Amino acid sequence: MPEESIEHIDFNKLNKKSISAPLVEHIYTADPSAHYFNGKIYIYPSHDIDAGEAFDDLGSHFAMEDYHVISMDTIKSKAVDNGIALHVNDVPWAERQMWAPDANEKDGKFYLFFPAKDFEGVFKIGVAVSDLPTGPFKAQPNPIKNSFSIDPAVFKDDDNSYYMYFGGLWGGQLQRWNKGVFNADQPESPTAFIPQPNEAALLPYVAKMRDDLLEFDEAPKPVEILDENGNLLLSGDNDRRFFEAAWLHKHDGNYYFSYSTGDTHFICYAIGDNPYGPFTYKGRILNPVVGWTSHHSVCDIGGKTYLFYHDSSLSKGVTHLRCIKIAEIKYREDGSIITLNPYGDF
Ligand code: FUB
């Protein structure tokens, strides 16, 4: 939801109409990546703080320093904060901005995947490992080789292969990478090197993970998102093109790639028949929330599908002080998703 409309919002009324209350209120949380491990719900969010950084279009005000894992026994249970799971000071290669993480499990070990800026100010993606889903996690000494940009999401397929999806525009630096090389000369403008409106939009990336989940098993490949005619979405198609917050889930044998459109604030989805895509755009999962960013995950729990998302309602609209929420998603017979309005008819 655009900044300028925030000051006119009656937050009491909006909160009454909201399809979810914040899951936790004692800290600010965002970008919830939810998983169901061993019969319990674990949410891996960003931990928002106000570090006093000035607001800009590169997201400098998102100056997060650590991660907390939130757990729930059931979808209706109280959400429990399990304390600090990883702090930037304990990541040898990272300097700042612990943005949206994800996690996954393999052979009884838990892996936290997270983006952060290195000491050159370049976003990379790291891995940290724990014996427990709640951490504490021990970071690898270096970021994943050939990783770049932000918002990792690691999907486990039915054949036990794991794939990481990632990328984000503007402050997420995706536009500054060309054939694996970072353009360090570029001016620090969020829109430098964004293709022209009539050119194909920048794409997120996917890479299969190595068996130990600590490195990529292959060079990252672009994830194509096509329109109804089989053409790549265009850069000027701001209501539909990828911006950030990649996620992959499966439903009835199909692969659903979902993401945020960033400056137009939608969570959209596209469907494909394999983890690499291409994916064909199908529609919106979530209409704009209060706050500039929108970021989500999708998780099946007890035979139902849930959207974990965030908004800035807890801070009455402060962009970088968000709260995680949850709502059920419903599919139509044809596999399409019924769009959620985060505040009903507000
Ligand atoms: O939380 C920081 C950034 O904001 C995330 O990495 C983006 O997806 C957006 O939610």
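If I go through segment 15-32 residue by residue, how many of them are at negative phi and in contact with a Pro (Cβ under 7 Å, 6 or more places away or on another chain)?
5
Identify, by number, the condition in (1) more than 12 Å from ASP102 (Cα to Cα); (2) surrounded by 21 or more Cβ atoms within 10 Å (Cβ to Cβ) that PHE55 doesn't meet.
(2)
Kindly state which strands (runs of 3 or more DSSP E) lie completely within segment 275-346 and contain at least 1 residues that are closer than 16 Å to THR264 by Cα.
279-286, 304-311
Only one of these is within 17 Å of VAL129 (Cβ to Cβ), surrounded by 14 or more Cβ atoms within 10 Å (Cβ to Cβ) and under 18 Å from the mean Cα position of the chain (by Cα): HIS68, HIS47, HIS35, HIS61. Name it.
On inspection, the qualifying residue turns out to be HIS35.
Can you say whether ALA85 is on the phi < 0 side of the Ramachandran plot, touching a residue at least 12 places away in the same chain (Cβ under 8 Å) and touching a helix residue (DSSP H, G or I) at 6+ places or on another chain (Cβ under 8 Å), as far as the supplied structure shows?
Spelling it out, it is not the case that ALA85 is on the phi < 0 side of the Ramachandran plot, touching a residue at least 12 places away in the same chain (Cβ under 8 Å) and touching a helix residue (DSSP H, G or I) at 6+ places or on another chain (Cβ under 8 Å).
Is it the case that some residue within segment 66-75 is of a type in the set (D, E, K, R) and in contact with a strand residue (DSSP E or B) (Cβ under 7 Å, 6 or more places away or on another chain)?
Scanning segment 66-75, I find at least one residue that is of a type in the set (D, E, K, R) and in contact with a strand residue (DSSP E or B) (Cβ under 7 Å, 6 or more places away or on another chain), so the answer is yes.
For segment 307-335, what are the residues that are open to solvent by 20 Å² or more (accessible area, probe 1.4 Å) and farther than 18 Å from PHE55 by Cα?
LEU314, ILE326, GLU328, LYS330, TYR331, ARG332, GLU333, ASP334
Which of the residues spanning segment 88-100 are touching a Gly at 6+ places or on another chain (Cβ under 9 Å) and either without any contact (Cβ under 8 Å) to a residue 40 or more places away in the chain or not in a loop (DSSP other than H, G, I, E, B) (or both)?
Across segment 88-100, the qualifying residues are ALA94, GLU95, ARG96, GLN97.
From the list ARG284, ARG241, exactly one residue is open to solvent by 50 Å² or more (accessible area, probe 1.4 Å), farther than 26 Å from THR74 by Cβ and touching a residue at least 40 places away in the same chain (Cβ under 8 Å). Which is it?
ARG284
Can you name the residue in segment 250-274 that is more than 16 Å from the ligand (Cβ to nearest atom) and either of a type in the set (D, E, K, R) or outside any strand (DSSP E or B) (or both) and, of all such residues, is surrounded by the most Cβ atoms within 10 Å (Cβ to Cβ)?
For segment 250-274, the residue satisfying everything is LYS250.
Tell me, which residue of segment 122-151 that is over 11 Å from LEU112 (Cβ atoms) and aromatic (Phe, Trp, Tyr) is farthest from the ligand (Cβ to nearest atom)?
Here the residue is PHE148.
In segment 34-68, what residues are outside any loop (DSSP other than H, G, I, E, B) and either away from the ligand (no atom under 16 Å from the Cβ) or among the polar types (S, T, N, Q) (or both)?
HIS35, TYR36, PHE37, LYS40, ILE41, TYR42, SER46
Return the pair list, or none, for Cβ contacts closer than 7 Å from residues in segment 66-81 that are closer than 22 Å to PRO136 by Cβ to residues that are of a type in the set (Gly, Ala, Ser) and open to solvent by 20 Å² or more (accessible area, probe 1.4 Å), at least 6 apart or on different chains.
Going by the 7 Å Cβ cut-off, the qualifying pairs are HIS68/GLY83.
The values are calculated or read from the model by the stated rules, or taken from the named source; none is laboratory data. Predicted model, so just to flag it, every value in this text is computed and none were measured. No Cβ is skipped: glycine too gets one built from the backbone with ideal geometry, and neighbour counts run over all protein chains shown. What goes into the accessible areas is simple: the full protein's heavy atoms, side chains included, and nothing from ligands, DNA or RNA. Shrake-Rupley method; radii C 1.70, N 1.55, O 1.52, S 1.80 Å.
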